[in-house]
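The values are calculated or read from the model by the stated rules, or taken from the named source; none is laboratory data. Everything numeric in this text was worked out from a predicted model, so none of it was measured. Glycine gets a Cβ as well: all are built from the backbone with ideal geometry, and neighbour counts include every protein chain shown.
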Amino acid sequence: MAKIAVLSGDGVGPEVVREAMKVLEITGARFGIPLEFEEGIVGGAAIDREGTPLPLRTLSLCKACDAILFGAVGGPKWDSLPVDRRPERGLLLLRKELGLYANLRPVKLFAPLVDASPLKREIIEGVDLMVLRELTGGLYFGEPKGIDALPNAQGERAVDTLIYTTPEIERIARIGFQIAAQRRKRLTSVDKVNVLASSQLWRRVVTETAKEFPGIELDHMLVDNCSMQLIRDPRQFDVLLTENTFGDILSDEAAMLAGSIGMLPSASLGDGPGLYEPIHGSAPDIAGQDTVNPLATILSAAMLLRYSLHHELAAAAIETAVSRVLEAGYRTPDIWQPGPAVLVNTAHMGDLVVESLVKG
Ligand code: NAD
């Protein structure tokens, strides 16, 4: 029996997780994978009930599970709290506590959505890349961090610290080369070597680690150029390896290649249970309207089956079902274009994927 912790979180989180659970249940039944779900609270919902974004009970539940299905956290209600007590801190702590250092964000354009992207068809047709982002180091965690007062009422001083060590870079680089080996065997490492010391170490260690993987073609690209190349010629990329902050920004940019942020799944892996979530946030502007696109979370559930339960066939079946539903012309508002496409709400989109899985 595979045990899955379900952390829906805030805003649209519960809406998208509900659809992904429907899909996981039917996929488990079809492929004979016994699944047990247990819910935990996180983010703003946990702050409201227990005063902390990651209660100990939730953390223990996650540690005892095979995988975690996560929605999203955050929202205006908690925006005035200090940074270390905000909902987003719950997710950062969870990543840190579980040692989830590798964040995989596949960006694949489903052919029927070629016109949903703001970019031209001839630039994005066939886009299929993987952003691999280091998730537990760099600016988001480095110490010292904080804001303090300058003397003589001159205002304040804010500090964030960007730290990377050789072992941290080596382990994420190895995952990058391994992923590239299963794909088109190209890895582009992203850095800012012209100004950052951490990037100088990053480039040196990635270049050294490449010697363990002679079959993979490695190149290096500055992050500013990479941001431009993603829009100019995204098909040049196979695997993009980045540190934490660069990866956060580049993967949202890359999301637009796939039509909508609502299409992009992710997996965060370490040595224990993996965490699977859409790359989008809690989308408070559309929460509670039943219009949010659940496909990113449904595709995250497919990644859960692939990477934590090692059930490639079941994962591929979900991806095929999503593809069929899109080919049949069904769209949530974020990917809808005027024309023959049928506009559906969140629950209907989930039902359509389930129906397609049942048909096989
Ligand atoms: P967001 O990703 O929530 O939303 C950005 C825009 O994309 C919004 O207009 C939203 O309506 C739209 N959108 C997002 N997901 C969608 C989907 N599945 N279908 C259709 N439209 C979708 O980012 P934001 O507005 O910058 O952040 C909102 C809150 O979420 C903030 O509190 C932020 O801190 C939090 N956040 C959480 C996570 C997370 O939990 N992993 C990630 C990013 C942001």
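Among the residues of the stretch 1-36, those that are within 14 Å of the ligand (Cβ to nearest atom) and part of a helix (DSSP H, G or I) comprise Gly13, Pro14, Glu15, Val16, Val17, Arg18, Glu19, Ala20.
Yes/no matrix, rows are residues, columns are (1) farther than 30 Å from Ser308 by Cα; (2) out of contact with any helix residue (DSSP H, G or I) (no Cβ under 6 Å at 6 or more places or on another chain):
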{"position": "Cys65", "(1), (2)": "no, yes"}
{"position": "Phe70", "(1), (2)": "no, yes"}
{"position": "Leu91", "(1), (2)": "no, yes"}
{"position": "Pro106", "(1), (2)": "no, yes"}
{"position": "Pro112", "(1), (2)": "no, no"}
{"position": "Arg121", "(1), (2)": "yes, yes"}
{"position": "Asp128", "(1), (2)": "no, yes"}
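As a summary of the residue check, Arg105 satisfies the conditions (1) of a type outside the set (Gly, Ala, Ser); (2) within 13 Å of the ligand (Cβ to nearest atom); (3) assigned to a helix (DSSP H, G or I); (4) surrounded by 17 or more Cβ atoms within 10 Å (Cβ to Cβ) except for the one numbered (3). When residues of the stretch 237-269 are filtered for being at pLDDT below 95 and assigned to a loop (DSSP other than H, G, I, E, B), how many remain? Looking only at that region, the number is 3. Scanning the stretch 264-292 for residues that are near the ligand (Cβ under 8 Å from one of its atoms) and in contact with a Lys or Arg (Cβ under 9 Å, 6 or more places away or on another chain) yields Ile279, Pro284. Would the stretch 62-71 turn up any residue that is under 22 Å from Val12 (Cα atoms) and surrounded by fewer than 22 Cβ atoms within 10 Å (Cβ to Cβ)? No, every residue in the stretch 62-71 fails to be under 22 Å from Val12 (Cα atoms) and surrounded by fewer than 22 Cβ atoms within 10 Å (Cβ to Cβ). Val73 meets all of the listed conditions (1) farther than 22 Å from Pro284 by Cβ; (2) outside the structural domain of Lys185 (by TED's automatic domain parsing); (3) of a type in the set (Val, Ile, Thr) but one, namely (1). Taken as a whole, the condition of being farther than 30 Å from Ser199 by Cα and either acidic (Asp, Glu) or surrounded by fewer than 21 Cβ atoms within 10 Å (Cβ to Cβ) (or both) does not apply to Leu304. Taking the stretch 53-87, which residues are away from the ligand (no atom under 11 Å from the Cβ), β-branched (Val, Ile, Thr) and in contact with a Pro (Cβ under 9 Å, 6 or more places away or on another chain)? Listed by number, the list holds a single entry, Ile68. Residues that are within 15 Å of the ligand (Cβ to nearest atom) and polar (S, T, N, Q) are absent from the stretch 139-162 altogether.
Let's see how each residue does on (1) over 22 Å from the mean Cα position of the chain (by Cα); (2) in contact (Cβ under 8 Å) with a residue 40 or more places away in the chain:
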| position | (1), (2) |
| --- | --- |
| Arg49 | yes, no |
| Leu59 | no, no |
| Cys65 | no, yes |
| Pro82 | yes, no |
| Lys96 | no, yes |
| Leu119 | no, yes |
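Listed by position, the helices (runs of 4 or more DSSP H) contained in the stretch 119-225 that have at least 3 residues being buried (at least 19 other Cβ atoms within 10 Å of the Cβ) are 166-181, 197-209.
Here the condition is being among the basic types (Lys, Arg), farther than 29 Å from Asp334 by Cα and not in a loop (DSSP other than H, G, I, E, B); of Lys77, Lys96, it holds for Lys96 alone.
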